[in-house]
Each structure stands twice: as structure tokens, then as C-alpha cells.
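*Asks:* This is the structure, below, for whatever I ask next.
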Amino acid sequence: MTGELYLCSTPIGNLEDITLRALRILREADLIAAEDTRHTRKLLNHYDINTPLTSYHEHNARQKGAYLLELLREGKRIALVSDAGTPGISDPGTLLVQQAIEAGIPITPIPGATAAVTALSISGLATDKFVFEGFLPRSNKERKERLAKLAREERTIILYEAPHRLVATLKAICEVLPYRRMAVARELTKQYEEVIRGTTEEILAHFQITAPRGEFTLILEGCREEEKGQLPEEIIDPVELVRTLEEQGFDWKAAIKEAAKRLGVPKREIYQLVKGPGGNN
Ligand code: SAM
């Protein structure tokens, strides 16, 4: 008989926000695997829960994950607790979930608030369609490239960001996507909870004066119809397009033909680019 993996939410902020079901599971589990044991221990102490606790975070996920899977195969029930919010959303829980699925171990989510949806709900921006982007790349160049790819995204965009990178990220957003409406939610459900709403420029100006502190979730308006005409033409790299088409199942020749058709250029031009100067593709 296999055990069971519970994805047990802890509040993204206030300790009182935890559900009774989450408390029961934490009490009844054989082991709690926590992304931040100090954070989780505070919660366990607050509710007088004595279940054994072990760490599971991005730096030990491979090796600790193998150990946890072994216990699950032996029939143990493990509650996975992320640093805060819903386990598996932008944290190492994703890997354990994938490994548990492969091993045929049942997984039960004990839902609780994720910062992404909590921030979205009070943003004042469209909530009927949204896209979660998590953390943008750390390098300035890659961050701008990612934002350029998002420029035509019509759905509301949700981002996570660390306080020490917030201003750099807001600057990049202002450069690539100026005039968009935005909401920045700070320290949700905690003592210093705050939401700042405005245009991207207004929000950047605010954080250039007030140093960012705490946890931040950014909600960015999607691309409006009238903005589309003002955006620069989307630049498509022919070589990347051929590679994407191959990944989608086109063979090499068919991918070149399709790319030429989509970009409106002769096949031989794409062929030369894909082959490269040395003649190898
Ligand atoms: N699994 C978590 C969840 O469901 O929200 C997210 C984990 S991710 C590693 C941590 C990021 O979530 C933080 O850097 C911040 O961007 C966001 N976050 C977490 N708690 C928050 C809070 N109380 N207020 C605003 N954003 C928060």
C-alpha cells in the first residue's frame, strides 16, 4: 500500500487564515516536509502540532525528494508545506508532485490562498482571463526579452518579484510596456498589507522614493486593442521559428517551407539562415 502526498497550504500571511482541514492534515501526517522549517515551525507551535518536520527546498529537492518518495512508497503520509501560499506554485513542490505522479502515489491538495490569485482579486484589473508568469528572468536582457514577448498578451499578467529586484523590474516594465495600468500588492494579509494602483510609471516613481520591503505580487493590465497599433512589429527570428515548428512535429524541410510561408519570404532565404555560414544546420 502506498502512502499519500498532501499539498498543505499555509497562509501567505496571517496565521489565523489556515483552514481546519489543513490543521487536521498537519496533525495526522507522519511527516511534514517544509520549504522553510522556521516559518512552518511557527505555525505548528501556534496550533500545538507535534508532527515531525523536515526540510524540502530548492537546494535539497533532488536528494530529499528521493527520500520522501521512498517513505511514500512505504505507506507514509507526508504533508508538503511551501514557504507560504499554495505548494507547487513557483516553488520546488512542482518537482515532488511530478515524481509522486510517476510513482503512482495519490496526491491531495488542501487548498489555501496563493499570493497570485489573492493579489489579482483586489487589483481592480480584469480577472476573467489572466496569465501567471511567476518570476521574470534575473538578467536585464532576458527580462526585457520576456516582457517584449508578453507585450501583445491580452490577459491580465501576474508576476512575483523579490523586493531587491522590484525597482529594476518596474523600470524594465516601463520601458517595454509604458502607460499600462498596474497594481502592486505588498505583504498580503499581513500587518503591513498595502496595494498600490496606478500606471506603470506612477508605480515606479513611488518605489523610487519608498524603498520596497516585504513580499510583492505584481498585476499588470493586458494589451488593449488600441495599444496594439502602437506596439513595434513583432520581430520573429526565422531560425527560432523553424526550431519551434520542428518541435511541433514538422520535419526539417516542411518547417522551412512553413516558416517561409508565414514570414512571406522565399524558402531559400530561410534555408540559408538555418544552414548558417558553415553550411551545417
Ligand atoms: N507558493 C507561493 C504561493 O502560492 O503564493 C509562492 C511561492 S514564491 C517562491 C514566493 C513569492 O510569492 C514571493 O516572492 C512574492 O512574490 C509572492 N508572495 C508570497 N507571499 C506574499 C504576500 N503575502 N504578499 C504578496 N506577495 C507574496
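The values are calculated or read from the model by the stated rules, or taken from the named source; none is laboratory data. From a predicted model like this one, the values you see are computed outputs, not experimental measurements. Cβ placement follows ideal geometry from the backbone for every residue including glycine, while neighbour counts extend to all protein chains displayed. Side chains are part of the model used for accessible areas, which takes the heavy atoms of the whole protein and leaves out ligands, DNA and RNA. Shrake-Rupley method; radii C 1.70, N 1.55, O 1.52, S 1.80 Å.
*Asks:* In this structure, does residue 54 turn out to be within 25 Å of the chain's Cα centre (by Cα), assigned to a helix (DSSP H, G or I) and either within 17 Å of residue 87 (Cβ to Cβ) or of a type in the set (Phe, Trp, Tyr) (or both)?
*Replies:* No; evaluated as a whole, the condition is false for this residue.
*Asks:* Ok, one more. Going by the conditions given, is residue 186 touching an Asp or Glu at 6+ places or on another chain (Cβ under 9 Å) and open to solvent by 60 Å² or more (accessible area, probe 1.4 Å)?
*Replies:* no
*Asks:* On to the next question. How many of the residues in region 61-102 are part of a loop (DSSP other than H, G, I, E, B) and modelled with pLDDT of 95 or more?
*Replies:* 3
*Asks:* Scan region 71-89 for residues that are within 16 Å of the ligand (Cβ to nearest atom) and either open to solvent by 60 Å² or more (accessible area, probe 1.4 Å) or farther than 21 Å from residue 24 by Cβ (or both) and jot them down.
*Replies:* 83, 89
*Asks:* Okay, moving on. Would you mention how many residues in region 69-95 are closer than 20 Å to residue 39 by Cα, out of contact with any Pro (no Cβ under 6 Å at 6 or more places or on another chain) and not hydroxyl-bearing (Ser, Thr, Tyr)?
*Replies:* Result for region 69-95: 11.
*Asks:* Then there's this: Return a yes/no flag: does region 190-205 have any residue that is touching a Gly at 6+ places or on another chain (Cβ under 7 Å), more than 15 Å from the ligand (Cβ to nearest atom) and not charged (D, E, K, R).
*Replies:* No: zero hits.
*Asks:* Looking at region 106-118, can you tell me whether even one residue there is farther than 27 Å from residue 192 by Cα, surrounded by 17 or more Cβ atoms within 10 Å (Cβ to Cβ) and of a type outside the set (Asp, Glu)?
*Replies:* no
*Asks:* Among the residues of region 36-44, is there at least one that is away from the ligand (no atom under 16 Å from the Cβ), open to solvent by 30 Å² or more (accessible area, probe 1.4 Å) and touching a strand residue (DSSP E or B) at 6+ places or on another chain (Cβ under 9 Å)?
*Replies:* There is at least one residue in region 36-44 that is away from the ligand (no atom under 16 Å from the Cβ), open to solvent by 30 Å² or more (accessible area, probe 1.4 Å) and touching a strand residue (DSSP E or B) at 6+ places or on another chain (Cβ under 9 Å).
*Asks:* In contact with a helix residue (DSSP H, G or I) (Cβ under 9 Å, 6 or more places away or on another chain), more than 16 Å from the ligand (Cβ to nearest atom) and in a loop (DSSP other than H, G, I, E, B) - does that describe any residue in region 111-122?
*Replies:* No, region 111-122 contains no residue that is in contact with a helix residue (DSSP H, G or I) (Cβ under 9 Å, 6 or more places away or on another chain), more than 16 Å from the ligand (Cβ to nearest atom) and in a loop (DSSP other than H, G, I, E, B).
*Asks:* Residue check: is residue 128 free of Cβ contacts under 8 Å to residues at least 12 places away in the same chain and either open to solvent by less than 40 Å² (accessible area, probe 1.4 Å) or not in a helix (DSSP H, G or I) (or both)?
*Replies:* For residue 128, the condition - free of Cβ contacts under 8 Å to residues at least 12 places away in the same chain and either open to solvent by less than 40 Å² (accessible area, probe 1.4 Å) or not in a helix (DSSP H, G or I) (or both) - is met.
*Asks:* Something else: Mind checking which residues of region 137-164 are open to solvent by less than 40 Å² (accessible area, probe 1.4 Å) and within 11 Å of the ligand (Cβ to nearest atom)?
*Replies:* Across region 137-164, the qualifying residues are 158, 159, 160, 161, 162.
*Asks:* Could I ask something else about it? State yes or no: is residue 147 more than 30 Å from residue 224 (Cβ to Cβ), touching a helix residue (DSSP H, G or I) at 6+ places or on another chain (Cβ under 8 Å) and outside any loop (DSSP other than H, G, I, E, B)?
*Replies:* no
*Asks:* Among helices (runs of 4 or more DSSP H) lying entirely in region 192-281, which contain 1 or more residues that are at pLDDT 85 or above?
*Replies:* In region 192-281, the matching helices (runs of 4 or more DSSP H) lie at 200-209, 238-247, 252-263, 267-275.
*Asks:* Please go through (1) exposed (fewer than 13 other Cβ atoms within 10 Å of the Cβ); (2) touching a Lys or Arg at 6+ places or on another chain (Cβ under 9 Å); (3) closer than 23 Å to residue 134 by Cα for residue 50 and return the number of the only condition it doesn't satisfy.
*Replies:* (3)
*Asks:* Then there is this: Among residues belonging to region 90-106 that are free of Cβ contacts under 8 Å to residues at least 40 places away in the same chain and more than 13 Å from residue 4 (Cα to Cα), point out the one that is farthest from the ligand (Cβ to nearest atom).
*Replies:* So the residue we want is 102.
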